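Asks: If you scroll down you'll find the structure; I have some questions about it.
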Amino acid sequence: MSGPVAGDRAPLPVLLLVIAAGVLAFTTDQPLVLGALAVGALVLLRLAPGSPGRLVLVGALASAVAVLVLTPLVTDQGDLVLFSVPVPPPLSGDITAEALAAGAAAAARVLATIALVAALFAWADPDRMLAGLSRVAPRSALVSALAARLVPTMRRDARAISETARLRGVALTSGPRIRRARAAAPLALPLVGSALERGLDVAEAMAARGYGEGPRTRLPERPADPGERAALVLGVVLSVVVAWAIAAGITGFTFYPALGPIVTPGAVGLAATAFLALAVAGLALARGRTGVGPPDSP
């Protein structure tokens, strides 16, 4: 049994979870539900293999804090004034409980959205995602696949060209930025030429292998493992619950002029379902894959 590799999971279960949770995040204003979505999305992201970058988490938290702080300052709605702060116009210095709750809900929505998108790319196999896209938009999938592979190559070419220029005495790392930019500008021409040459090589290789001649062939998909099947079931369950909650009006909430009830049976049930679906799906996907890969050597 081998552990999961970063981005090796089937895209459909994770995509279904992310879409269902994303629809819920943008159709509800219930602070309890949005908070549960944010926490569940963070759990799903942190359970992803490959150690998702801290930059994503820092950016998500910074965006959420900014929304939380700015929302009460740009609105003067609400009846319950908690405190006042000196701010220049047109900002509002009266911080109301209603505006603070609206800011917290908006911050949770931002945090949940960023974490869900990051979890999708951390869990799902990018090649299988593009293969699925190719069934609908084959040319777009081809361009995306080529770009994903050629951009790192261009980065290596740019590094090699800049090192060669420095060996010839071109100052690329010292002096004012304008001078460095002027010195580096002529290096764009060989980089573009190298990229065009690689593009022609790729096109010739594709033509030599018969691209565009007859039906396309596909590699066989590996069978879904228990974790992927469990995540798919949870995604279906969450989709059904979200659709029912929207139709039943459970997702609605009022902030102004007075706060609505935050803790209601419907909100608690929807929040618990959203959190458990995301968290349990992350645990299921994080389990070791069975029956995949070569057997362990004796």
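Asks: If you take the residues in region 260-290 that are within 18 Å of residue 120 (Cβ to Cβ) and of a type in the set (Gly, Ala, Ser), which one is surrounded by the fewest Cβ atoms within 10 Å (Cβ to Cβ)?
Replies: Per the stated criteria, the residue is 286.
Asks: Would you check if there is a residue in region 92-99 being hydrophobic (A, V, I, L, M, F, W, C), in contact (Cβ under 8 Å) with a residue 24 or more places away in the chain and closer than 21 Å to residue 65 by Cβ?
Replies: We begin by selecting, within region 92-99, every residue hydrophobic (A, V, I, L, M, F, W, C); these are 95, 97, 99.
Cutting the leftovers down to in contact (Cβ under 8 Å) with a residue 24 or more places away in the chain gives us 97, 99.
Filter once more, keeping what is closer than 21 Å to residue 65 by Cβ: 97, 99.
Yes: one or more hits.
Asks: Look through 113, 153 and report the one residue that is over 30 Å from residue 40 (Cβ atoms), of a type in the set (S, T, N, Q) and touching a helix residue (DSSP H, G or I) at 6+ places or on another chain (Cβ under 8 Å). First the steps, then the outcome.
Replies: Values: 113 fails: over 30 Å from residue 40 (Cβ atoms).
The conditions single out 153.
Asks: Exactly one of these conditions fails for residue 229: (1) closer than 27 Å to residue 120 by Cβ; (2) crowded, with 16+ Cβ neighbours inside 10 Å. Give me its number.
Replies: (2)
Asks: Answer yes if at least one residue in region 52-63 is modelled with pLDDT of 75 or more and hydroxyl-bearing (Ser, Thr, Tyr), and no otherwise.
Replies: Quick first cut of region 52-63, residues modelled with pLDDT of 75 or more only: 55-63.
With hydroxyl-bearing (Ser, Thr, Tyr) added as a condition, the list becomes 63.
Yes, because at least one residue in region 52-63 is modelled with pLDDT of 75 or more and hydroxyl-bearing (Ser, Thr, Tyr).
Asks: Is it fair to say residue 257 is more than 30 Å from residue 122 (Cα to Cα), surrounded by 11 or more Cβ atoms within 10 Å (Cβ to Cβ) and assigned by TED's automatic domain parsing to the domain that holds residue 146? Give the derivation first.
Replies: Details: more than 30 Å from residue 122 (Cα to Cα): yes; surrounded by 11 or more Cβ atoms within 10 Å (Cβ to Cβ): yes; assigned by TED's automatic domain parsing to the domain that holds residue 146: no.
In short, no.
Asks: Further, regarding this structure: Does region 117-132 include one or more residues that are surrounded by 16 or more Cβ atoms within 10 Å (Cβ to Cβ), under 30 Å from residue 9 (Cα atoms) and free of Cβ contacts under 8 Å to residues at least 40 places away in the same chain?
Replies: Yes, region 117-132 has at least one match.
Asks: While we're here: For the subset of region 119-147 comprising residues that are touching a Pro at 6+ places or on another chain (Cβ under 7 Å) and in a helix (DSSP H, G or I), which member is modelled with the highest pLDDT? Before you say what the answer is, go through the steps one by one.
Replies: Going residue by residue through region 119-147, those that are touching a Pro at 6+ places or on another chain (Cβ under 7 Å) are 122, 124-125, 128-129, 132.
Going one step further and asking which of them are in a helix (DSSP H, G or I), we end up with 122, 128-129, 132.
Values: 122: 84, 128: 74, 129: 72, 132: 70.
Within region 119-147, the match that is modelled with the highest pLDDT is 122.
Asks: What are the residue pairs meeting all of these: first residue in region 180-208, first residue assigned by TED's automatic domain parsing to the domain that holds residue 163, second residue modelled with pLDDT under 80 and surrounded by 10 or more Cβ atoms within 10 Å (Cβ to Cβ), Cβ atoms under 6 Å, and 6 or more apart or on different chains?
Replies: If the second residue must be modelled with pLDDT under 80 and surrounded by 10 or more Cβ atoms within 10 Å (Cβ to Cβ), the pairs left are 180/172; 183/170; 183/171; 183/172; 184/172.
Asks: Checking residue 263 against (1) farther than 30 Å from residue 12 by Cα; (2) assigned by TED's automatic domain parsing to the domain that holds residue 106; (3) not in a loop (DSSP other than H, G, I, E, B), which test does it fail?
Replies: (3)
Asks: Follow-up question, since we're still on this one. Residues that are touching a helix residue (DSSP H, G or I) at 6+ places or on another chain (Cβ under 6 Å), modelled with pLDDT under 95 and not in a helix (DSSP H, G or I): does region 278-287 have at least one?
Replies: Yes, region 278-287 contains at least one residue that is touching a helix residue (DSSP H, G or I) at 6+ places or on another chain (Cβ under 6 Å), modelled with pLDDT under 95 and not in a helix (DSSP H, G or I).
Asks: Taking region 157-180 as the region of interest, how many residues are farther than 28 Å from residue 198 by Cβ and surrounded by 10 or more Cβ atoms within 10 Å (Cβ to Cβ)?
Replies: 3
The values are calculated or read from the model by the stated rules, or taken from the named source; none is laboratory data. All values derive from a computational prediction rather than experimental measurement. FYI the Cβ positions are ideal-geometry reconstructions off the backbone, even for glycines, and counts take in every protein chain you see.
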